[in-house]
Protein chains: 2
Amino acid sequence: MSLLVVGSVAFDAVETPFGKCDKMLGGSASHFSISASFFTDVSIVGVIGGDFTDEDGSIFKEHDINTRDLEKISDGQTFRWRGRYDYDLNVAHTLETQLNVFADFKPKLSDESRKSRLLFLGNIQPDLQREVREQMPNAELVALDTMNLWIEHTRESLLRTIKGVDVVIINDAEARQLTNIPNLIKAAREILTWGPKALIVKRGEYGAALFTGDSYFAIPAYPLDSVFDPTGAGDTFAGGFMGYLSSQEKLDEDAMRRAMIFGSVMASFNVEEFGTDRVRRLTHAEINERFKAFKRMTHFDEIPFERAIQASN
Amino acid sequence: MSLLVVGSVAFDAVETPFGKCDKMLGGSASHFSISASFFTDVSIVGVIGGDFTDEDGSIFKEHDINTRDLEKISDGQTFRWRGRYDYDLNVAHTLETQLNVFADFKPKLSDESRKSRLLFLGNIQPDLQREVREQMPNAELVALDTMNLWIEHTRESLLRTIKGVDVVIINDAEARQLTNIPNLIKAAREILTWGPKALIVKRGEYGAALFTGDSYFAIPAYPLDSVFDPTGAGDTFAGGFMGYLSSQEKLDEDAMRRAMIFGSVMASFNVEEFGTDRVRRLTHAEINERFKAFKRMTHFDEIPFERAIQASN
């Protein structure tokens, strides 16, 4: 029951139609690890600058997240991202990116981290993802996220990295871009021929889908009547998915399906407030309540049509 | 077990990236009634011109669709629509509309039709929809479809018509436009305060959602690796939904949920070929097979997180 994530730890500044926050904890590894910590023991591989205080990192402590491989470069500055959302909250407009210490990030894994059972390669340069993956040949399950930047500029490296992982977790635009196939179902089948045994496609307000072998599983998003700040929703989903899997003995399709629900549950909380604000004070009771809500909102009785006729006569 | 639909019967000409068809049977009442005929006795109220031959109407005969209220105006021409789809098959580009006999359409209901248990008001001018609805005060369940044209130009009349029906079946853009509310969940709740007890939101390749009182039900679309011609998918969905309900004694939420699946099943077949080509040769075995596939692709075990932990220890 241990999970390792490599990714960014950042300070985000976000404007949405509903509010503005100048500085808050962000980055893929932050959102992922906080979400996963509700289900399993999780460790971060990442880098921060001298401006990252104990107070900034208090949330990791509160959630028992292991930061032994979170390198601190005292004379550098932490990665910063500034973005804006308009009413279409599916699209983030990047206003400014300061890579800072993240520009020269070389992930360093301690011996203990290398023994983690599961590994999540957050959205970083695919060469780095592959380096980390290669240091953990015995990981039972490795998942990867990526983005349009890497698909466009480091495509060959990304394809090699994808070949070596078990699960790819991307959004629908990325699946289409990665394959040059407009039909999502065809695109997904194509990606599965490259090596991974599962592909998860995140569809924002429309939910998510899991493709494995010949099987297909799809769920709606939890219905929210207001989405406040979508930043980190994808990583929070991945954290719930991988965190739940990490708590399970069998990593089979049934476990992955439940993990999809837990991932969606975590993401649905994430978007309700700025940054990590909502997720950091979540309870297991709240998580399970929303898990059960997913069952209620997707359940129907399996009565084929002939039987229905008989029943009504 | 009887269902009445009022709507258009048309000749469609369609171009998609995959092919072209100069003349085929189309119109909301056609797609709806053929789909519904797999589940119930269905009658059409509509109008055709002298150019509509017995051959054109043979599909109605084959499917035992009652056409006693399908008025023929011998010196007029049948409604014609010509449209094009690009690779984004969610958007139909109308190239030409010839209303012809449909311009002066006044629905006339025979006494027998008025006794139908269920009524579907296809996408026509809302004054006409209301006239028909008022002739059937005893219908057990009345559903309505509409479109952006009526929302823009006959809004007040449409709102009055919506007030008098039980179920509204529209797509997500229409729900937003109708309410001026960008968030779909809020928009749906708003529409339910106007009178209808249920709202169905069609989301194309993302599936469909059913809002009733405080409950929410959402399903993905059937995963198709090629969509050939989406014309009529919405009406085919509505036909499956209303046709299935018409076969059921109890019109409760459980029946509506199953009806959503049957609607989605029918729509998924509809888009596989031009016009009504695929649906016209469907079998009940094929319908039930795809219904069962929906169960497989949405099922997950309901094991809250604590129990999962115990199970894995």
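Annotation note: Cβ proximity below 6 Å between a residue of region A:126-143 that is touching a residue at least 12 places away in the same chain (Cβ under 8 Å) and a residue that is among the aromatic types (Phe, Trp, Tyr) and surrounded by 19 or more Cβ atoms within 10 Å (Cβ to Cβ) (sequence gap 6+ or interchain) occurs for A:PRO126/A:TRP150; A:ALA143/A:PHE120.
Do we have B:THR161 as out of contact with any Lys or Arg (no Cβ under 9 Å at 6 or more places or on another chain) and of a type in the set (S, T, N, Q) here? Steps first, answer last, please.
Working: out of contact with any Lys or Arg (no Cβ under 9 Å at 6 or more places or on another chain): no; of a type in the set (S, T, N, Q): yes.
Here the answer is no, as B:THR161 does not meet what is asked.
State the number of residues belonging to region B:28-56 that are buried (at least 19 other Cβ atoms within 10 Å of the Cβ) and either polar (S, T, N, Q) or more than 19 Å from B:PHE120 (Cβ to Cβ) (or both). Full working, then the answer.
Taking region B:28-56 as the starting set, the residues that turn out to be buried (at least 19 other Cβ atoms within 10 Å of the Cβ) are B:28-40, B:42-49, B:52.
Still in the running and either polar (S, T, N, Q) or more than 19 Å from B:PHE120 (Cβ to Cβ) (or both): B:28, B:30, B:33, B:35, B:37, B:40, B:43, B:49, B:52.
Counting residues in region B:28-56 that are buried (at least 19 other Cβ atoms within 10 Å of the Cβ) and either polar (S, T, N, Q) or more than 19 Å from B:PHE120 (Cβ to Cβ) (or both) gives 9.
For region A:11-56, which positions are within 30 Å of A:GLN248 (Cβ to Cβ) and part of a strand (DSSP E or B)?
Let us first name the residues in region A:11-56 that are within 30 Å of A:GLN248 (Cβ to Cβ), namely A:25-46.
The answer is A:LEU25, A:GLY26, A:ASP41, A:VAL42, A:SER43, A:ILE44, A:VAL45, A:GLY46.
Just one of the numbered conditions (1) part of a helix (DSSP H, G or I); (2) touching a Gly at 6+ places or on another chain (Cβ under 9 Å); (3) of a type in the set (Phe, Trp, Tyr) is not true of B:TRP150: (2). Based on this model, can you work out whether A:THR283 counts as out of contact with any Leu (no Cβ under 8 Å at 6 or more places or on another chain), buried (at least 18 other Cβ atoms within 10 Å of the Cβ) and of a type in the set (Ser, Thr, Tyr)? No.
Taking strands (runs of 3 or more DSSP E) as the structural unit, those lying wholly within region B:71-130 and holding at least 2 residues that are over 21 Å from the mean Cα position of the chain (by Cα) and loosely packed, with under 13 Cβ neighbours inside 10 Å correspond to B:92-98. Selection within region B:163-210: residues that are in contact with a Phe, Trp or Tyr (Cβ under 8 Å, 6 or more places away or on another chain) and small (Gly, Ala, Ser). The member of this set that is nearest to B:ASP88 (Cα to Cα) is B:GLY207.
A:SER246 falls short on exactly one of the conditions (1) touching a Leu at 6+ places or on another chain (Cβ under 6 Å); (2) within 12 Å of chain B (Cβ to nearest Cβ); (3) at pLDDT below 95, and that condition is (3).
Does A:VAL279 meet the test of being within 12 Å of chain B (Cβ to nearest Cβ) and at pLDDT 95 or above?
Working: within 12 Å of chain B (Cβ to nearest Cβ): no; at pLDDT 95 or above: yes.
Criteria not met by A:VAL279.
Going by the structure shown, is A:ILE261 within 7 Å of another protein chain (Cβ to nearest Cβ), free of Cβ contacts under 8 Å to residues at least 24 places away in the same chain and under 24 Å from B:ILE261 (Cβ atoms)? Here the answer is no, as A:ILE261 does not meet what is asked.
When B:PHE237, B:PHE291, B:PHE269, B:PHE274 are checked against the criterion of being without any contact (Cβ under 8 Å) to a residue 60 or more places away in the chain, more than 13 Å from every other protein chain (Cβ to nearest Cβ) and more than 24 Å from A:PHE291 (Cβ to Cβ), B:PHE269 stands alone in meeting it. Candidates B:SER8, B:SER58, B:SER35: the one that is within 21 Å of B:GLN129 (Cβ to Cβ), more than 14 Å from chain A (Cβ to nearest Cβ) and modelled with pLDDT of 95 or more is B:SER8. Entry remark, region A:11-32: residues being at pLDDT 95 or above and among the aromatic types (Phe, Trp, Tyr) number 2 in total.
Within region B:216-223, is there a residue that is of a type in the set (Phe, Trp, Tyr) and more than 23 Å from A:PRO220 (Cα to Cα)?
Filtering region B:216-223 for residues of a type in the set (Phe, Trp, Tyr) gives B:216-217, B:222.
Then drop every residue that is not more than 23 Å from A:PRO220 (Cα to Cα), which leaves none.
No: zero hits.
Among the residues making up region B:183-234, a single one is of a type in the set (Phe, Trp, Tyr), surrounded by fewer than 20 Cβ atoms within 10 Å (Cβ to Cβ) and within 9 Å of another protein chain (Cβ to nearest Cβ): B:TYR216.
Against the conditions (1) more than 21 Å from the chain's Cα centre (by Cα); (2) farther than 26 Å from A:GLU272 by Cβ, A:ASN66 satisfies every one except (1).
The values are calculated or read from the model by the stated rules, or taken from the named source; none is laboratory data. Computed from a prediction, not measured in an experiment: that's the story for all the values here. Virtual Cβ from ideal backbone geometry, glycine too; neighbours counted across all protein chains shown.
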